[in-house]
Amino acid sequence: MNIRISPLAYGLFVCIFCACISCNSMSKDARKAAKLTNESIRQMHELKLDEAEKSFKKAQKIIQKYNEKGELEVFLLEYRQYRDKERWKVSGKDKKH
């Protein structure tokens, strides 16, 4: 059984596959940067300033990676979503106590 795939279909498949992998990676990076940013804010409130600075710098390094790639706007949309979602979870816990 010999199956032939047109070069156009193969190229399209490769492009879609790469886009899916890229988006998944960006989403993970956005989630990680948001978590680090919120962690930095929490650490500042707890006066753990050295730890807060480290967390902040790690988050900025991830953000800078997407700025250099020219994908900052798309990245920031996801980043803000995760950052704000995490903040609401934390502030909701604080209100219960």
Those residues of the stretch 68-81 that are closer than 15 Å to Ser25 by Cα and in a helix (DSSP H, G or I) come to a total of 8
Would you confirm, using the coordinates I've provided, whether Ile21 is modelled with pLDDT under 90 and either surrounded by 11 or more Cβ atoms within 10 Å (Cβ to Cβ) or at negative phi (or both)? yes
Taking Lys85, is it part of a helix (DSSP H, G or I) and modelled with pLDDT under 95?
-> yes
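The values are calculated or read from the model by the stated rules, or taken from the named source; none is laboratory data. Owing to the predicted nature of the structure, the values given are computational and were not obtained by experimental measurement. In this analysis, Cβ positions are derived from the backbone assuming ideal geometry, glycine residues included, and neighbour counts consider all displayed protein chains.
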